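The values are calculated or read from the model by the stated rules, or taken from the named source; none is laboratory data. Worth saying up front: this structure is predicted, and the values here are computed from it rather than measured. Cβ sites come from the backbone with ideal geometry, for glycine too, and all protein chains shown count toward neighbours. Only protein heavy atoms, including side chains, enter the accessible area calculation; ligands, DNA and RNA are left aside. Shrake-Rupley method; radii C 1.70, N 1.55, O 1.52, S 1.80 Å.
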Amino acid sequence: MISENIKGKVLSPQDLRKILNADNMEIVKLCRKAAIVPQKDENGKTYFSMEEARILKQAKDSKKDVMPKSSSQVVVNTLLSSLKKMEDNMTTSITDSITKVLDERLEGMDEVVVELIRCKTENENLKNKVNELNKENYKLKNTLNSYKPFAFGLFIKKPEDDILL
């Protein structure tokens with residue numbers, strides 16, 4: 001059976017197991033390592049080409065992908081420390097830049113606040129002055145209305161209304 005499949009350059013999973021001397025789980029791991037996706041025929045059965053079998057055999061023979069645990073831990077620790085340094089630098093940098101921008105934008109705000117307070121005080125003073133002038137105007141109109149015309153351009157003064165004062 002193997003000789004027929006080799007002539008056709010197609011291998012079943014059983015043939016591949018015999019060639020690689022591996023079980024299904026190891027073949028799956030080798031396929032992942034070599035980035036090979038098993039093909040399926042029209043009946044849905046899995047098969048491998050001779051080229052794929054050769055690549056899987058090379059992947060099984062090479063032991064490069066296994067990194068000692070101590071080396072991998074050193075790499076992880078180095079990455080973690082680098083990330084921590086980057087985070088600290090970024091946080092400090094962002095805080096400094098935001099502080100600088102806020103200082104620049106708020107630099108003239110003290111003068112603006114003082115000017116606003118001065119304007120508000122002046123506005124209140126002007127409102128009080130308008131109220132005083134309105135009172136004086138009312139009093140003068142009341143006094144004017146107390147003079148009633150008499151004959152020949154003469155006027156008679158009647159008592160003023162002090163009710164609203």
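Tell me the carbon and sulfur percent of the accessible area for the chain, rounded to whole percent, probe radius 1.4 Å.
Result for the chain: 60 percent of the exposed heavy-atom area is carbon or sulfur.
As a quick test, which of the pairs Lys40/Lys60; Lys33/Lys84; Lys129/Lys158; Lys18/Lys40; Lys18/Lys60; Lys127/Lys158 have an alpha carbon distance above 21 angstrom in this structure?
In this structure, Lys40/Lys60; Lys33/Lys84; Lys129/Lys158; Lys127/Lys158 exceed 21 Å between Cα atoms.
So who's got an amide H within less than 5 Å of the one on Tyr147, skipping anything under 5 residues away but keeping other chains? H placed 1.01 Å off N, in plane.
Answer set, sorted by chain and number: Lys158.
In nm², what is the average projected area of the convex hull enclosing the Cα atoms of the chain?
31.0 nm²
Starting from the Cα of Asn137, step 7 Å along the direction of its Cβ; do the same at Phe150; then give the gap between the two resulting points in nm.
3.2 nm
Leaving out ligands and nucleic acids, note down the accessible area per residue over the chain with a 1.4 angstrom probe, in whole Å².
86 Å²
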